[in-house]
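Heads up, the thing below is written out as structure tokens.
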Amino acid sequence: MKTVPICLTVIYCFVIVISTGCSPSNLQDKEPSSLERREDFSWPAGTRAAISLTFDDARFSQIDRGLPILDEYGAKATFYVSLRPLEERLDAWKKAAANGHEIGNHTMTHPCSGNFPFARERALENYTLDKMRYELQESNNIIERLLGVRPVSFAYPCGQKFVGRGQDLKSYVPLVAEEFLAGRGWIDEWSNDPAFCDMAQLMGVELDGKDFEQSRKGRLSAVKQLIDRTLANGGWLVFCGHEIGEGGRQTTLSSTLKAICEYAQDPANGLWLDTVEEVASYILKQRTGTGG
Ligand SMILES: [Zn+2]
């Protein structure tokens, strides 16, 4: 008498395995998430580490001050754009994208914890995963319609990776893993280990306010110190900035940006400077054994 339920259970399980076995997330799972040995990973010939320069919110100074510096050195950066300022300077952003800079997703409305007064109306504590999925997909659709490029990487607004609160809180990192090649955090303290890192929550180190060689009042590590530490351990350092200029709140110093570009240009330093998309793609190819 018990054989019928058992048979049904077996059939049910078989159907579940078959039906979920071909989903996109399962296909991603088949790729090695990390390499067992760090020695199995190698950066492109002549380089020992990678850095990416990323800037958030499509602030106007990124166009007016940052892009001329980057373009002078031929350096490519990643810009996680907010939609309203993007539309206000659309032609300049089209030119930046055509010039090889990466345009990334930063949501439609920049939701953060409601503890920030500016975010109370779109507080992550009141979000659901479905609402966030809509934000991510619709932002990609709008950027594609405006610029003709579809973002493949994402930066978490305020570096926060949750929706909901308390016992109902959920991480939206798995959602970012489904929708994007890579997701970048904010105010992290270390570089990413290319053999191990989770692409959906890359560490992002603040660039704003930092000098290239001098640490300020002993509080902030100088940029060169961070880069040299990354070179020593063969990592991928992802810098994050906002405004670009001579000083002020949330501002990457023009002098620091120039110094990074110069440092990366000298082959003797063994540094690969490229966009998040390029570096992430290279790392994933290495992990799957399809890279050179
Ligand atoms: Zn932001």
| query | Taking only Cα atoms, what is the 0 to 90° angle, nearest 10, from helix 254-265's long axis to the longest principal axis of the chain? | reply | 70 degrees
| note | The helix 129-147 Cα axis meets the longest alpha-carbon principal axis of the chain at an angle in degrees, between 0 and 90 and rounded to 10, of 50 degrees
| In Å, what Rg and Dmax follow from the Cα atoms of the chain? | 21.0, 81
| note | Ranked on Cβ counts within 10 Å of their own Cβ, fewest leading, Val276, Val173 go Val173, Val276
| said: Need the full-extension length gain, Glu246 to Arg37, defined as separation in residues times 0.36 nm minus the C-alpha distance. One decimal, nm. | reply: 71.0 nm
| query | Most fluctuating residue of Ser82, Ser33, Ser139 in a GNM of the chain with Cα springs under 10 Å: which is it? | reply | Ser33
| note | GNM on the chain, Cα springs under 10 Å; top mean-square fluctuation among Thr128, Thr54, Thr252 goes to Thr128
| query | Where does the longest stretch of the chain lie that holds no chymotrypsin sites (Phe, Trp or Tyr not before Pro) found in a DSSP loop with 14 or fewer other Cβ atoms within 10 Å? | reply | 1-189
| query | Do the sum for the chain: with -39,500 (n - 2.57) for every DSSP H run of n ≥ 4, divided by all residues, what is the mean residue ellipticity at 222 nm, to the nearest 500 deg cm²/dmol? | reply | -11500 deg cm²/dmol
| Candidate aspartates and glutamates - alpha carbon under 18 Å from Lys210, same-chain residues fewer than 8 apart omitted | Asp56, Asp188, Glu189, Asp228, Glu243, Glu246, Glu262
| field | Within the chain, longest stretch clear of exposed GluC sites (Glu not before Pro) (DSSP loop, no more than 13 other Cβ within 10 Å) | value | 37-188
| Between Asp198 and residues 5 or more places away or on another chain, which pairs have amide H atoms under 5 Å apart, with H built 1.01 Å from N, and which residues are they? | none
| request: Starting from the amide H of Ala222, placed 1.01 Å from N in the peptide plane, find each other amide H under 5 Å away whose residue is 5 or more places distant or on another chain. | output: Ser215
| query | So who's got an amide H within less than 5 Å of the one on Leu237, skipping anything under 5 residues away but keeping other chains? H placed 1.01 Å off N, in plane. | reply | Ala50, Ile51, Ser52, Asn192
| remark: Taking a ≥ b ≥ c as the square roots of the eigenvalues of the Cα gyration tensor, with a/c under 1.5 meaning rounded and otherwise prolate when a/b exceeds b/c and oblate if not, the stretch 113-194 is oblate
| remark: Here the stretch 161-177 yields Karplus 3J(HN,Hα) values (6.51, -1.76, 1.60; θ = phi - 60°; whole Hz; Gly and Pro given as x) of 10, 10, 10, x, 8, x, 5, 9, 5, 10, 6, 9, 4, x, 5, 5, 4
| query | When the chain is modelled as a GNM with alpha-carbon springs shorter than 10 Å, which of Thr256, Thr230, Thr47 fluctuates the most? | reply | Thr47
| With a 10 Å Cβ neighbour count serving as the proxy for reagent exposure, in which order, fewest first, do Leu207, Leu86 appear? | Leu86, Leu207
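Quick note: the coordinates plus some simple rules give every number you see, no bench work behind them. Predicted model only: the values in this text are computed from it and were never measured. As a convention, Cβ positions derive from the backbone with ideal geometry for all residues, glycine included, and neighbour counts pool all protein chains shown.
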